[in-house]
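Data block below; observations after.
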Amino acid sequence: MSSLEQILPKLFSRIEQRDIRPGISRVLNALKQLNFSEQSLGIVIHVAGTNGKGSTAKMISTVLSQKATVGLFTSPHLVYVNERIQINNNPISDEAFATLYDTVKGMQLSFFETVTVIALLYFAQNNVTHTVLEVGMGGRLDATNVIDAPIAVITKIGLDHQQWLGTTKQEIAKEKAGIIKQDARVFITQENRAVQDVFTEQALARNAQITWCENTTHQVSLLGKHQQENAGLAQAVCEHLGCSKNEISTGLLTTSWQGRLQWLTDNILLDVAHNPDGINALATYTHTIPSSITVLFATSNNRSDESLKLLKPQNVVFTQAGPNPTPLENFSFPGKRIPDVQEAFSYAKQQADVLLITGSIFLVGEILKLHQEGIIS
């Protein structure tokens, strides 16, 4: 049997943008070959949206895990690929991942499709009662959309992945609405009222019932006003599934989600914001911090540094992280440019009252890994 250490290079060699192939046919065919039955996933909750879908999925999972066996599939991971596949907040073991990879390695699947199939097989093997699936990108053509989920959850719609999903919020909302199945219960944040006609049309076509969700009134462990909105979705879903007020309150207060307004130390803040709405939510939080802020910043896929204007930092240090980083010379905002992440972190920390690390999921992941290994502090 292969070890996880042996198979990761094979997986990650397929992670580049050229490997993004929207469509569900390959995963459907793989599951058919494996004689997979979606009934083995229990009640499936499918979560789509531009921002907040991972946080919302994690809150739903944490609430339900108090009284059920809950599979949670999210993406991307920050440090270890195991993070993507959890049961009751416990990540899949290296051994279980490697064993399931051996089952599917001969199939012509992309990185994300491979991990999706592994997650579904793992949840089925472990007799979950509920499965929470976070969409990777979009919804209609996402690899997770192979399951006939009776519950659809749609977080705030914004502009991201426009080369794949469309150039307007209406077009993007239509892709997200593709997760709404026949006779489903659909939970949508009030923030999406501007594009409600898209969701109403899909719901009518599928005889689905929409609930428009308000912000929660419970206390939430995750920081930022936007998490009240995400928690409102989680609360509504869990109430629909019969959770008590106490279970919901406890779950929302104990949810942990790395890289989302996470204080690594008393003056180092991490956030994976990488699109306009994400940066705007981050800025709303950072503007409440009385100290001056230095930003350690990187982006992927030639994204711009325009969002730094919202954050209003005192200093900026640019670096590069991930397989397809934006070249340092492409950034226009004034700041120091240091390609090596560890060196850039050390320099930025020396300048900072508060150090904010943001702009790239890969950057936040690298910093977390260096911190966990004791290389930086």
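The values are calculated or read from the model by the stated rules, or taken from the named source; none is laboratory data. All figures in this text were calculated on a predicted structure; none of them were measured in a lab. All Cβ positions, even for glycine, are placed from backbone atoms using ideal geometry, and neighbour counts span all protein chains on display.
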- Item | Check on Val364, buried (at least 20 other Cβ atoms within 10 Å of the Cβ), free of Cβ contacts under 8 Å to residues at least 24 places away in the same chain and touching a Gly at 6+ places or on another chain (Cβ under 7 Å) | no
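Determine which member of the set Leu204, Leu233 is out of contact with any Pro (no Cβ under 6 Å at 6 or more places or on another chain), exposed (fewer than 14 other Cβ atoms within 10 Å of the Cβ) and either more than 24 Å from Gly259 (Cβ to Cβ) or not aromatic (Phe, Trp, Tyr) (or both). If you could, list the steps in order and put the result at the bottom.
Values: Leu233 fails: exposed (fewer than 14 other Cβ atoms within 10 Å of the Cβ).
Of the residues listed, the single one that is out of contact with any Pro (no Cβ under 6 Å at 6 or more places or on another chain), exposed (fewer than 14 other Cβ atoms within 10 Å of the Cβ) and either more than 24 Å from Gly259 (Cβ to Cβ) or not aromatic (Phe, Trp, Tyr) (or both) is Leu204.
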- Residue ID - farthest from the chain's Cα centre (by Cα), chosen from residues in region 78-107 that are buried (at least 17 other Cβ atoms within 10 Å of the Cβ), part of a loop (DSSP other than H, G, I, E, B) and in contact (Cβ under 8 Å) with a residue 40 or more places away in the chain: Val79
- Could you list, in sequence order, all residues of region 39-57 that are touching a strand residue (DSSP E or B) at 6+ places or on another chain (Cβ under 7 Å), assigned to a helix (DSSP H, G or I) and not small (Gly, Ala, Ser)? Leu41, Lys53, Thr56
- Tally of residues being at pLDDT below 95 and either in contact with a Pro (Cβ under 8 Å, 6 or more places away or on another chain) or under 22 Å from Arg260 (Cβ atoms) (or both) across region 329-352: 1
- Note on the structure: Within region 212-230, residues more than 16 Å from Asp277 (Cβ to Cβ), surrounded by fewer than 17 Cβ atoms within 10 Å (Cβ to Cβ) and either in contact (Cβ under 8 Å) with a residue 12 or more places away in the chain or of a type in the set (Phe, Trp, Tyr) (or both) come out as Trp212, Glu214, Gln219, Ser221, Leu223
- Ser93 passes all but one of (1) touching a Ser or Thr at 6+ places or on another chain (Cβ under 7 Å); (2) of a type in the set (Gly, Ala, Ser); (3) more than 17 Å from Gln258 (Cβ to Cβ); which number fails? (1)
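What about Pro91, is it closer than 28 Å to Asn324 by Cα, modelled with pLDDT of 95 or more and either touching a His at 6+ places or on another chain (Cβ under 9 Å) or in the same structural domain as Gln228 (by TED's automatic domain parsing) (or both)? Step through it out loud before you land on a result.
On the way: closer than 28 Å to Asn324 by Cα: yes; modelled with pLDDT of 95 or more: yes; either touching a His at 6+ places or on another chain (Cβ under 9 Å) or in the same structural domain as Gln228 (by TED's automatic domain parsing) (or both): yes.
Spelling it out, Pro91 is indeed closer than 28 Å to Asn324 by Cα, modelled with pLDDT of 95 or more and either touching a His at 6+ places or on another chain (Cβ under 9 Å) or in the same structural domain as Gln228 (by TED's automatic domain parsing) (or both).
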- Query: Gly278 fails exactly one of the following numbered conditions: (1) surrounded by fewer than 19 Cβ atoms within 10 Å (Cβ to Cβ); (2) in a helix (DSSP H, G or I); (3) not aliphatic (A, V, I, L, M). What is the number of that condition?
  - Reply: (1)
- Note on the structure: Expected output for region 191-208 (first residue closer than 20 Å to Pro150 by Cβ, partner modelled with pLDDT under 90 and of a type in the set (Lys, Arg), Cβ below 6 Å, 6+ apart or cross-chain) is none
- Message: So the check is Cβ under 6 Å with 6+ separation or different chains; which pairs have a first residue in region 312-325 that's in contact (Cβ under 8 Å) with a residue 24 or more places away in the chain and closer than 9 Å to Lys336 by Cα and a second one that's part of a strand (DSSP E or B) and β-branched (Val, Ile, Thr)?
- Response: Asn315/Thr294
- Message: Restricting to region 238-268, name every residue that is on the phi > 0 side of the Ramachandran plot and of a type outside the set (A, V, I, L, M, F, W, C).
- Response: Gly242, Gly259
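Out of curiosity, is Gly251 modelled with pLDDT of 95 or more and surrounded by fewer than 18 Cβ atoms within 10 Å (Cβ to Cβ)?
Details: modelled with pLDDT of 95 or more: yes; surrounded by fewer than 18 Cβ atoms within 10 Å (Cβ to Cβ): no.
Taking the combined requirement at face value, the residue does not satisfy it.
So which residues in region 207-237 are part of a helix (DSSP H, G or I) and either in contact with an Asp or Glu (Cβ under 7 Å, 6 or more places away or on another chain) or more than 17 Å from Ala57 (Cβ to Cβ) (or both)?
Within region 207-237, the first condition is being part of a helix (DSSP H, G or I), and the residues that meet it are 226-237.
Scanning region 207-237 gives Glu229, Gly232.
Name the residue, out of Ala194, Ala184, Ala205, Ala149, that is out of contact with any strand residue (DSSP E or B) (no Cβ under 9 Å at 6 or more places or on another chain) and modelled with pLDDT of 90 or more. So that I can check it myself, show each step before the final result.
On the way: Ala194 fails: modelled with pLDDT of 90 or more; Ala184 fails: out of contact with any strand residue (DSSP E or B) (no Cβ under 9 Å at 6 or more places or on another chain); Ala149 fails: out of contact with any strand residue (DSSP E or B) (no Cβ under 9 Å at 6 or more places or on another chain).
Among Ala194, Ala184, Ala205, Ala149, only Ala205 is out of contact with any strand residue (DSSP E or B) (no Cβ under 9 Å at 6 or more places or on another chain) and modelled with pLDDT of 90 or more.
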